[in-house]
Amino acid sequence: MSWEKSGAVSYYSLRFDIESGSDERLRDWLFVPVQNPAFVEHALQRIFELRMERRVTGSARAALANQLFSAVLQDVLLQDRTQPSPDTEAGYQATQIIRRAALRIAKDPTLDLDIQRLAREFGYSRRHFTSLFREVMGVPPKRYLLRCRLNQALELLQDLELSIKEIALELGFQSQRYFSSWFHVEMGMSPSQWREAYYHRRA
């Protein structure tokens with residue numbers, strides 16, 4: 001993995017070693033622009049920082065780096081790259097339905113997600129819908145919603161005119177404290193720390 005900057009544009013290069021026998025489609029999937037650059041940039045930056053971090057050592061450092069890298073890889077692979085089942089027309093239709101459901105969630109991740117109602121709207125039971133969603137999108141509906149909400153949080157944090165409290169309310173959280181706690185679990189730092197680090201890197 002390498003990083004370089006040219007003017008106002010930053011480039012990240014990630015090298016993957018694909019094991020023999022792996023799905024050849026991976027070779028096509030990996031050469032794509034990222035869908036959520038703010039999230040991916042932060043995760044990659046944290047991986048670089050871990051290499052220089054002396055307070056985190058051994059297995060803890062490796063575990064955190066692997067977790068961050070997995071998040072980056074998932075972000076790349078899950079952006080409109082899911083492949084319909086080549087076996088049946090029903091498999092293709094199911095994939096398209098799940099994609100529409102995912103798009104519905106992504107358009108407004110601030111709303112409370114009623115999986116039962118969403119599943120019924122698309123003609124599935126809750127259990128079957130959740131299973132299909134995980135198969136197509138790689139994560140269950142609730143986790144996908146949280147990822148979309150996190151991406152929106154990262155975008156809003158780039159607007160210095162918005163306070164952390166305003167962002168929390170905009171995203172549908174009941175309080176700034178709950179939002180900050182959730183954000184820290186997802187990103188490993190508070191919203192204000194992320195905002196400070198984001199603009200520090202651009203100074």
*If you check residue 149 against the conditions, is it among the basic types (Lys, Arg), surrounded by 13 or more Cβ atoms within 10 Å (Cβ to Cβ) and modelled with pLDDT of 90 or more?*
no
*Of the conditions (1) within 19 Å of the chain's Cα centre (by Cα); (2) surrounded by fewer than 17 Cβ atoms within 10 Å (Cβ to Cβ); (3) aliphatic (A, V, I, L, M); (4) more than 19 Å from residue 113 (Cβ to Cβ), residue 185 fails just one. Which one is it?*
(4)
*asked:* So for the stretch 127-144 (the condition being hydroxyl-bearing (Ser, Thr, Tyr), over 23 Å from residue 186 (Cβ atoms), in a helix (DSSP H, G or I) and not assigned by TED's automatic domain parsing to the domain that holds residue 169), does at least one residue qualify?
replied: yes
*Criterion violated by residue 150 - all others in (1) free of Cβ contacts under 8 Å to residues at least 60 places away in the same chain; (2) touching a Phe, Trp or Tyr at 6+ places or on another chain (Cβ under 7 Å); (3) in the same structural domain as residue 178 (by TED's automatic domain parsing) satisfied*: (1)
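This table checks each residue for (1) more than 20 Å from the chain's Cα centre (by Cα); (2) of a type in the set (A, V, I, L, M, F, W, C).
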| position | (1), (2) |
| --- | --- |
| 99 | no, no |
| 114 | yes, no |
| 125 | yes, no |
| 142 | no, no |
| 148 | no, yes |
| 161 | yes, no |
| 171 | no, yes |
| 174 | yes, no |
_Contact list please: Cβ distance under 8 Å, first residue in the stretch 95-118 and free of Cβ contacts under 8 Å to residues at least 24 places away in the same chain and part of a helix (DSSP H, G or I), second residue surrounded by 17 or more Cβ atoms within 10 Å (Cβ to Cβ) and among the basic types (Lys, Arg), pairs at least six apart or on different chains._
none
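Let's see how each residue does on (1) farther than 16 Å from residue 147 by Cβ; (2) part of a helix (DSSP H, G or I); (3) touching a His at 6+ places or on another chain (Cβ under 9 Å):
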{"residue": "166", "(1), (2), (3)": "yes, yes, no"}
{"residue": "169", "(1), (2), (3)": "yes, yes, no"}
{"residue": "172", "(1), (2), (3)": "no, no, no"}
{"residue": "178", "(1), (2), (3)": "yes, yes, no"}
{"residue": "181", "(1), (2), (3)": "yes, yes, no"}
{"residue": "185", "(1), (2), (3)": "no, yes, no"}
{"residue": "193", "(1), (2), (3)": "yes, yes, yes"}
{"residue": "196", "(1), (2), (3)": "yes, yes, no"}
{"residue": "200", "(1), (2), (3)": "yes, yes, no"}
*Matching residues, the stretch 149-203, being farther than 24 Å from residue 103 by Cα and of a type in the set (S, T, N, Q)*: 163, 174, 175, 176, 180, 181, 190, 192, 193
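The values are calculated or read from the model by the stated rules, or taken from the named source; none is laboratory data. Please read all numbers here as calculations on a predicted model, not as lab measurements. No Cβ is skipped: glycine too gets one built from the backbone with ideal geometry, and neighbour counts run over all protein chains shown.
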